[in-house]
Amino acid sequence: MKKRMLMFIGVLLFVCSACSTVCVSEKPDTAAKTPLQLVMIHGQLYYNTFEESTVDGRCGVMDGTIESTVDAGAVPAEDNQSNFGTDFDYQFTGDGVELVMDGKYIVFKPLYLENRFGVELMGENITATGMTLICTRADVLPEWEVTTGSAYGLSVLQDGTWKAYQRTDGICVDFAWTAEAYLITADTPLTWEIDWEWLYGELPAGTYRLGKGFSAVLQDDEEAFPAYVEIVIV
C-alpha cells in the first residue's frame, strides 16, 4: 500500500508541476516530505520505488551512468540525467532500470504519462473553493485493476503553460495524504466532494487543471499514469 500511494502522489505532482519543484510525502501517515526522484534514460522517465533489487547472478557490466542532474523535484529532460545527483551506474532489467546507490541496486520503474485505461475525470458544481469530482472508466483493458488514492493537485494555465498552483496568501500548509485505494471500474463511477480551500485557498479567476495519479496492475506488471480535468473560475 505504501509503495502504491507513493506512486499515486508522485505521478500527480509530476504532472501538475511541470518544471517546478515538487515534494511528496515519503510516508502517508507523516508530514515529512522528500522530492520525487526521477531519471531520464533513452528518452524515458523512471521513478525511484525505493526498493532494493532481488535480481541474482547479474552481469557485472553496466549499461550506463547518470552524468548530469537538475534541481531536486525538477523533471530531467536529457538522457542520463536525474534530479538527485550524478555518477550513479545503472542496468536495465525487464521494463525497468536499477541504479547503484550506496552499494545497492535500487529499482526504478517507468513513469507513463499516457492514460490508456479509459479513465476520465469530470467536474460539477465548480466554485472557487471546491467541486464535485467524478471519475469514470471505459470498458478498456478490463483485466487490469486500476486504483487511485485521495491525493490531488492543482495547476494553473499561465502564458499557455501549465504551472503548479501556489496559494496567493503565503500560507504554507504542512500535511500528508491518507492512504486509501479506490478501485476504478467500468460499472460504477466514483464521486468525491473536493474542498481545496484548506490547501490552496480561494482560487482567483483563471483556468486550472485538477490532476490525480492512478495505478494499473496486472499480475506482476504495474503502470502509473495521470488523469485530469480542466476547471474555469470566472
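So that you can scan it fast, the table gives a plain yes or no per residue for (1) touching a Cys at 6+ places or on another chain (Cβ under 6 Å); (2) closer than 21 Å to PHE225 by Cα:
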| residue | (1), (2) |
| --- | --- |
| MET62 | no, no |
| THR65 | no, no |
| SER68 | no, no |
| ASP71 | no, no |
| ALA74 | yes, yes |
| ALA77 | no, yes |
| ASP87 | no, no |
| GLN91 | no, no |
| LEU111 | no, yes |
Do we have any residue at all in region 18-28 that's buried (at least 22 other Cβ atoms within 10 Å of the Cβ) and either more than 18 Å from the chain's Cα centre (by Cα) or at pLDDT below 90 (or both)? yes
Determine if region 99-110 includes at least one residue that is surrounded by 15 or more Cβ atoms within 10 Å (Cβ to Cβ), part of a loop (DSSP other than H, G, I, E, B) and outside the structural domain of ALA164 (by TED's automatic domain parsing). no
Any chance region 93-100 includes a residue that's of a type outside the set (A, V, I, L, M), modelled with pLDDT under 95 and in contact with a Gly (Cβ under 9 Å, 6 or more places away or on another chain)? no
Residue, farthest from ASP220 (Cα to Cα), within region 84-96, restricted to residues that are in a strand (DSSP E or B) and hydrophobic (A, V, I, L, M, F, W, C): PHE88
Going by the structure shown, is THR93 over 19 Å from GLU51 (Cα atoms) and surrounded by fewer than 18 Cβ atoms within 10 Å (Cβ to Cβ)? no
From the list THR188, THR168, exactly one residue is outside the structural domain of LEU36 (by TED's automatic domain parsing) and in contact (Cβ under 8 Å) with a residue 24 or more places away in the chain. Which is it? THR168
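The values are calculated or read from the model by the stated rules, or taken from the named source; none is laboratory data. Source: prediction; values computed, not measured. All Cβ positions, even for glycine, are placed from backbone atoms using ideal geometry, and neighbour counts span all protein chains on display.
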